[in-house]
Amino acid sequence: MAAVPEKPIIEIRSLSKTYKTDTAEIHALNGIDLSIQKGEIFGIIGMSGAGKSTLVRCINMLEKPTSGTVLFDGRDLSKLTDAEVRGARRSMGMIFQQFNLLMQRTAEGNVCFPLEIAGVKKEKAKARASQLLELVGLSDRRDSYPSQLSGGQKQRVAIARALATDPKVLLCDEATSALDPTTTKSILALLQDINRRLGITIVVITHEMGIIEAICGRVAIISDSRIAECGRVEDVFFKPKTEAARRLVCPEGRVDRFRSSRRMRIVFDGSSAFEPVIANMVLACGKPVNILYADTKNIGGKAFGQMVVQLPEERDTARKMFEYIRSRGLTAEEVRENVG
Amino acid sequence: MWDEAMLRMMLNGIGETLYMVAVSTFFAYVIGLPLGIMLVVFAPGGARPHPRAYKILDVAVNLARSIPFIILLIAILPFTRAVVGTTIGSTAAIVPLALSAAPFIARLVESSLKEVDPGVVEAAQSMGATTFQIIRKVLLPEAKPSLLVGGAIAATTILGYSAMAGFCGGGGLGDIAIRFGYYRYQYDVMLVTLVLNVVVVQILQGIFMKASRKSDKRK
């Protein structure tokens, strides 16, 4: 996981962004407070339209906040001149869902691009580019054009490009949303590796809880233009405090059909090994349950993930089942009607 | 009638046509390219939005484009004289040709540059690129294949217009076609110039399209 938090590299204070259209005002962000520590992998999660993309663009001033401040490494970005903002942006790499590579440049040319902009000499830029392409595992595709690369390779080039100017922060805007699950995994592993080896702070924007679980130390949940919840990923995942968090953590929609029934959400945090918990619970309580949803992973012989089961209608049996699960050291909570 | 004099006239016509097209296209781009770039950069959602400048440019380009070439040719005769010192011949035709093609080229450039993915522009901005760097290192190189196709359209359109300059003694193949075909009913001469025109257009088109394909790394 991420390095031990030291001091905030990004501090957002009562940030708001309002768009004016002809007919109405749209509040994309409303009173956001966040602080992101040096060296951590910080996740920002929300449904589409929640304002997360606007938020990440406020961090590097691609969007000017309507009010509030963004402190980057102690400097208030909104008080800088245009030239100073451009300088600050070189300390913040950014990668995108659609990669946004220059199609008319080779992989090497793309990585050299930010260096050219920064005025680095050509030979020096090329040397740096070949270093970075090696780091992302693409040394052999140096002369390939983006159209000749796969999605995962394109994102690797984009990562190399974003790292070219030695940034302190890497902003990832839905960086894996256009990739298949296997490629997503390898890109996440690369990001984690970069975080560990180079100590770069990474901010991950996504709508998928799986991504947050996989690499983030802390997470902020953004909903309706506000931060609904912010904390360590384990805490938010096991004990979601707000409706917005629950909606993201719980398998949305899938359990909706069983609205009338009593349901229990069980979270596996890796503490139980191969013990067949559900089967044992059924034997112990003498009533069957219906598994409505399960998403568990086996990491090093331990079960991680969650499951939603439909409980028998009798109140006593249901209570016994809750007690049984809790007695096995697992987190269990009742899934309420308005979930999903 | 196909004596040496006629042959020389035809060759001369080809030379004058190529000269007019080349020089007019060049100067039309000198004016039209920056206009096209500004139309994209200043547009809402562009690299540096400037609604007022955009609106003014937009209207100005439309106004200029709505003046028929033949009217412009005559209307700016004093200006042409001031610039090149004469109002007759190929060189004189270049002034109205370049001026009337410039707003057309501005639109061609605009549509080419608009094909560049805004995400790529945003990526460049996120790296701290200035607007000028975005134009020079992102917009123009990324749109190069499309700009070259636009170049082919511009050059062939200017070639077509150059025939109208024949009405004012502009010279070139169009001039020959009008003098012999229209005034003297020598349709065979006109037909030959027509064929020559087609050949010139084909060659121009071929050169630009080949350059466009070669510069396109997107597929």
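The values are calculated or read from the model by the stated rules, or taken from the named source; none is laboratory data. On a predicted model such as this, the values are computed, not experimentally measured, just so you know. Quick reminder, even Gly has a Cβ in these numbers, built from the backbone with ideal geometry, and neighbours come from all protein chains shown. Accessible surface is based on the protein model in full, side chains and every heavy atom, while ligands, DNA and RNA are left aside. Shrake-Rupley method; radii C 1.70, N 1.55, O 1.52, S 1.80 Å.
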Can you tell me which residue in the stretch A:89-123 is nearest to the other protein chains (Cβ to nearest Cβ), limited to those that are surrounded by fewer than 18 Cβ atoms within 10 Å (Cβ to Cβ) and part of a helix (DSSP H, G or I)?
A:116
Among the residues in the stretch A:13-24, are any at pLDDT below 90 and part of a strand (DSSP E or B)?
yes
Return a yes/no flag: does the stretch B:41-54 have any residue that is modelled with pLDDT of 90 or more and more than 23 Å from residue B:136 (Cβ to Cβ).
yes
Select from the stretch A:148-175 the residues that are assigned to a loop (DSSP other than H, G, I, E, B) and either more than 12 Å from chain B (Cβ to nearest Cβ) or free of Cβ contacts under 8 Å to residues at least 40 places away in the same chain (or both) and write down the one among them that is most open to solvent (accessible area, probe 1.4 Å).
A:166
Selection count, the stretch A:52-77, where residues are open to solvent by 10 Å² or more (accessible area, probe 1.4 Å) and in a loop (DSSP other than H, G, I, E, B):
7
Matching entry among B:210, B:219 (being within 30 Å of residue A:144 (Cβ to Cβ), open to solvent by 60 Å² or more (accessible area, probe 1.4 Å), without any contact (Cβ under 8 Å) to a residue 40 or more places away in the chain and away from chain A (no Cβ under 14 Å)):
B:210
Cβ-Cβ below 6 Å, separation at least six or inter-chain, first residue in the stretch B:110-139 and more than 10 Å from chain A (Cβ to nearest Cβ) and in a helix (DSSP H, G or I), second open to solvent by 40 Å² or more (accessible area, probe 1.4 Å) and among the acidic types (Asp, Glu): which pairs?
none
Look through the stretch B:140-158, keep the residues that are more than 30 Å from residue A:57 (Cβ to Cβ) and open to solvent by 10 Å² or more (accessible area, probe 1.4 Å), and return whichever of them is nearest to the other protein chains (Cβ to nearest Cβ).
B:148
Looking at (1) touching a helix residue (DSSP H, G or I) at 6+ places or on another chain (Cβ under 9 Å); (2) closer than 30 Å to residue A:166 by Cβ, can you tell me which one residue B:104 breaks?
(2)
